[in-house]
Structures are given as C-alpha cells and as structure tokens.
Amino acid sequence: PAVTSPCKILKCNSEFWAATSGSHHLGAEEAPEFCTALRAYAHCTRRTARTCRGDLAYHSAVHGIDDLMVQHNCSKDGPTSQPRLRTLPPGDSQERSDSPEICHYEKSFHKHSAAPNYTHCGLFGDPHLRTFTDTFQTCKVQGAWPLIDNNYLNVQVTNTPVLPGSSATATSKLTIIFKSFQECVDQKVYQAEMDELPAAFVDGSKNGGDKHGANSLKITEKVSGQHIEIQAKYIGTTIVVRQVGRYLTFAVRMPEEVVNAVEDRDSQGLYLCLRGCPLNQQIDFQAVRSAQATEGRARRKGPSLAAPPEAFTYETATAKCREKLPVEDLYFQSCVFDLLTTGDVNFMLAAYYAFEDVKMLHSNKDKLHLYERTRVLTPGNSAPTGTHPTLWVALLCLCWLCLL
C-alpha cells in the first residue's frame with residue numbers, strides 16, 4: 001500500500017470508457033449524453049489533479065478532454081452524472097478492413113525483400129530482463145527506466161521495493177507511447193499500474209484513433225484485470241502486459257528493423273531491451289544463488305531456527321518452482337531467486353507466465369530456454385570431458401623421445 005500511486009487517472013479513464021463505449025457512433029439525439037459523460041470525466045481529472053501533476057497519462061487525458069469538448073460542441077457547464085450509453089451490436093465497430101497497405105508491416109516494409117526477423121524482450125519478477133539479443137540479466141533498476149525507445153514507440157517501467165527496506169524490486173507502473181504514424185495511427189498512450197490494468201488507452205479508446213488505418217493498433221483484454229494484449233500491426237509488434245499478484249510483467253515481439261529504428265544510437269545507452277541493464281545495476285545471479293544454496297545446507301547442519309510462515313528455504317523454493325517450471329533453465333532459477341528474496345508465491349507465477357509469453361512471442365523455438373554460460377576454465381582446472389589436442393601432441397612427442 002505504501003507504494004501505490006495516489007494519482008487516480010486510470011480510474012477516471014476506465015469510468016469514461018465504460019460510460020461511452022461505442023458512443024462515437026451515436027446519433028445527434030444522444031450527443032447530450034456523451035457531453036454529460038465528458039463533463040464527468042473532466043470533473044474526475046480535476047479531483048485527482050494535485051496528485052497527478054507529473055503523470056504523463058493525466059496530462060494526455062486533460063488535453064484529450066478539451067479536444068473532445070470542442071469536437072462535440074459540449075458545454076463545460078451542465079450535468080455530470082454518468083449516463084448509461086448503448087453498446088454497439090457485434091460487427092458495428094471501429095474496425096476497418098480497408099486499411100491502407102502501409103499499415104500492415106509485412107505487406108509494406110517487406111514487399112520486395114525477405115521476411116522480417118522478429119525478436120523478443122521481456123521483463124518480470126524481481127526484475128529479470130531478457131533482451132532482444134537473448135541476454136538474460138537480473139537487475140536492481142529501482143525507479144523509472146526506459147525499456148524501449150525508438151522511432152515508433154517508447155516503453156518506460158517504474159520498479160519499486162517489494163517490501164519497505166527490501167532490495168527486491170518489481171514493476172509497479174508501465175507507460176507505453178505509440179507515436180503518430182502516417183495515415184495509420186494517432187499518438188496513443190497506454191498506462192498500467194498496480195491493481196489497475198486497463199483495457200483501453202488513456203483517452204478511453206481501444207484503437208489507433210480516427211485515421212484510416214486506425215485498426216492497425218488494437219488493445220484486447222484476455223483476462224479482466226490480469227492480461228491484455230496490444231497488436232500494433234503497422235510496425236509488426238505484439239505487446240503482452242500482465243498483472244500477477246500486485247506487480248506487472250511485460251513482453252514484446254518486434255521486428256529487428258523496428259528495434260533498430262533509432263535516429264541517434266549513441267543516445268540509446270539506457271534502452272534496457274536493447275542494451276541491457278547498466279553494470280552497476282546488475283546482480284550476480286549465480287553468486288547469489290550459490291550463497292542461498294550454501295546457506296540452506298548450513299541451516300540443515302546447524303541449530304534449527306524458527307522461520308516466518310511465508311519464508312522459503314532453498315529446498316522449498318526449488319520444489320515450489322518445479323510445480324510450474326519443470327525445466328531448470330534461467331526462468332526456473334529466477335523463480336527460486338524471487339521466492340527466496342520476496343517470500344511471495346506470485347513471483348513463481350510471474351516466471352511461469354513470462355516463459356509462456358516467450359513460447360508465444362519468440363520466433364526461434366530452439367531458443368526458448370536459456371541456460372547459464374559454461375564457466376571458462378582457469379589454469380589448474382581440468383575439463384570434465386575430453387582432452388585438449390595440444391596435450392595429445394605433447395604425449396606423442398614424449399613417447400617418440402622415449403623410444404629413441
């Protein structure tokens with residue numbers, strides 16, 4: 001509760017969307033009801049203005065309300081009770097099957113070239129990052145950090161401590177900005193935070209706006225309050241956002257061409273999905289896990305200590321993670337790590353769903369699992385199998401000298 005944002009703009013957005021779903025198709029006779037809902041929306045934003053001053057979604061909503069007031073000739077004075085507006089029958093929606101070709105990535109960008117190569121990035125848990133190059137890192141990254149920053153969209157996450165004074169952090173807020181693109185989409189902002197996973201953009205819409213190819217950007221709610229999917233067909237991109245427990249997970253499938261579409265590559269140093277976490281923000285995953293296992297063995301040999309009910313030992317965490325992640329890859333190891341650092345079983349589910357998203361989004365099915373790299377042997381260490389060819393040459397020479 002201590003880290004829950006007091007800014008309630010997402011609640012205002014959700015209420016407005018619920019009241020006006022389908023209202024852009026209403027006739028003039030129902031325009032007053034739309035204006036009533038719009039005034040209620042404005043009133044809601046004013047109530048939360050003090051706590052939302054630095055919130056991007058809040059400022060986007062305020063500007064959007066002003067624009068809608070002008071477009072629909074709404075008076076700022078009048079009733080603000082939320083009306084119950086009709087919903088549209090199936091098929092009568094914003095979807096347009098005649099979107100321009102430029103709004104279909106595979107048809108436009110690659111008409112005369114090879115099929116695009118898709119990449120994946122994911123962030124989950126305490127938090128663990130899988131980059132577009134399949135590098136896996138465990139990071140601190142407390143506060144706000146950019147995940148993606150290219151010519152088409154920006155993604156920023158905010159990570160907060162799981163418990164007061166804890167070094168364990170998790171994603172509590174996510175902001176995605178889809179930039180305006182030709183005749184396809186207007187600029188759209190999506191924002192989610194703890195206990196608030198909307199199925200609409202901050203302006204209440206579910207697609208790319210009023211342009212001809214607006215339906216090339218769509219939000220679909222898979223599980224209410226738990227799982228949404230954003231399809232951005234005009235850039236060949238799929239984004240999955242989940243709320244697991246109180247925290248958020250993020251996964252994306254994006255063409256390499258879009259990943260690398262940046263004007264100034266030197267300014268992309270903090271673009272986590274591309275560059276990974278800065279060295280001073282990375283956690284030595286292997287060393288921590290080894291210490292945890294050693295501590296667990298010492299606890300078994302030493303005096304019995306009473307542990308809090310929610311605490312996991314290395315053995316119980318391992319057993320719990322095997323329930324959902326039978327392959328002992330880095331997702332499994334992340335699960336164990338998170339249970340030991342947080343004591344929250346929802347982090348096991350976060351690792352499980354992160355891997356489920358990889359299975360859906362990663363283009364190379366042979367690279368779904370990630371394992372730790374084999375350590376480089378240092379002088380004095382012996383290889384577990386096989387013998388180096390140079391050693392065989394030396395032995396043969398020695399035998400030849402003995403025969404002489």
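The values are calculated or read from the model by the stated rules, or taken from the named source; none is laboratory data. Everything quoted here is computed from the prediction, not taken from an experiment. In this analysis, Cβ positions are derived from the backbone assuming ideal geometry, glycine residues included, and neighbour counts consider all displayed protein chains. Surface accessibility is based on the protein's heavy atoms, side chains included, excluding ligands, DNA and RNA. Shrake-Rupley method; radii C 1.70, N 1.55, O 1.52, S 1.80 Å.
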Q: Spot the failing condition for Asp357; the list is (1) in a helix (DSSP H, G or I); (2) crowded, with 18+ Cβ neighbours inside 10 Å; (3) touching a residue at least 24 places away in the same chain (Cβ under 8 Å); (4) in contact with a helix residue (DSSP H, G or I) (Cβ under 8 Å, 6 or more places away or on another chain), and only one is missed.
A: (4)
Q. Exactly one of (1) outside any strand (DSSP E or B); (2) open to solvent by less than 20 Å² (accessible area, probe 1.4 Å); (3) in contact with an Asp or Glu (Cβ under 7 Å, 6 or more places away or on another chain) is unmet by Asn151. Its number?
A. (2)
Q | Qualifying position, being outside any strand (DSSP E or B), open to solvent by 10 Å² or more (accessible area, probe 1.4 Å) and of a type in the set (S, T, N, Q), among Thr175, Thr119, Thr133, Thr158 | A | Thr133
Q | Candidates Arg242, Arg253, Arg246 - the one that is at pLDDT 90 or above and touching a Cys at 6+ places or on another chain (Cβ under 9 Å) | A | Arg253
Q.
Every residue in the stretch 321-354 that is among the β-branched types (Val, Ile, Thr), in contact with a helix residue (DSSP H, G or I) (Cβ under 8 Å, 6 or more places away or on another chain) and assigned to a helix (DSSP H, G or I), please.
A. Val336
Q: Answer with yes or no whether Arg300 is modelled with pLDDT of 90 or more and open to solvent by 60 Å² or more (accessible area, probe 1.4 Å).
A: no
Q) Is there any pair linking a residue in the stretch 223-245 that is open to solvent by less than 30 Å² (accessible area, probe 1.4 Å) to one that is part of a strand (DSSP E or B) and of a type in the set (Gly, Ala, Ser), with Cβ under 6 Å and at least six apart or on different chains, and which? A) Val240/Ala251; Val241/Ala192
